Each structure stands twice: as C-alpha cells, then as structure tokens.
Amino acid sequence: MSGDIDSRVSDVMDYTSDAPGANDNASGVAGTLEAARVLSQYKFNGSIVYAALAGEEQGLFGGRILAETCTEK
C-alpha cells in the first residue's frame with residue numbers, strides 16, 4: 001500500500017519552476033499511514049508493506065525501486 005510524497009516538475013534539472021503539488025498524493029500517504037495504524041492491531045498470514053514513494057511523476061521511480069527490492073533474492 002503506498003502514496004507518493006513528492007511534488008516536482010518533470011524536468012529534474014529545472015530548479016526554478018513551481019511545483020504546486022497538483023499531482024501530489026498526500027491523501028494517499030495519509031491513507032497508507034492510517035491503514036498501517038488500524039491494521040497493526042491484527043495478525044495476517046502474509047506481510048503488508050506500507051510505503052511513501054518519491055519520484056512517481058518522473059517515471060514511477062519510487063515504485064520501481066520498491067518492486068525491485070521486494071523481488072531480490
């Protein structure tokens with residue numbers, strides 16, 4: 001379960017433009033944290049991973065890194 005935490009312009013070399021957060025997913029991060037809080041009271045047969053990801057608007061970087069980390073053997 002995840003939400004992304006960044007608000008950046010698409011050009012990572014552009015440090016002067018505004019990034020007002022229109023594509024930001026703070027509510028997704030809040031939902032992820034609340035789910036972690038509520039579900040921490042229960043036991044499950046498997047693992048649940050809660051993540052706040054960065055770089056999603058630039059190419060799903062955070063999600064890709066998390067997926068690669070989870071599939072490493």
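The values are calculated or read from the model by the stated rules, or taken from the named source; none is laboratory data. This structure is a prediction, so every number in the text was calculated from the model and none was measured. Cβ sites come from the backbone with ideal geometry, for glycine too, and all protein chains shown count toward neighbours.
Here are some notes:
- Selection within the range 14-38 - surrounded by 10 or more Cβ atoms within 10 Å (Cβ to Cβ), more than 13 Å from residue 3 (Cα to Cα) and either at pLDDT 85 or above or aliphatic (A, V, I, L, M) (or both): 19, 37
- Checking each residue in the range 39-73 for being under 18 Å from residue 4 (Cα atoms), in a loop (DSSP other than H, G, I, E, B) and at pLDDT 85 or above picks out 48, 49, 50.
- With respect to (1) touching an Asp or Glu at 6+ places or on another chain (Cβ under 8 Å); (2) over 30 Å from residue 9 (Cβ atoms), the lone exception for residue 28 is condition (2).
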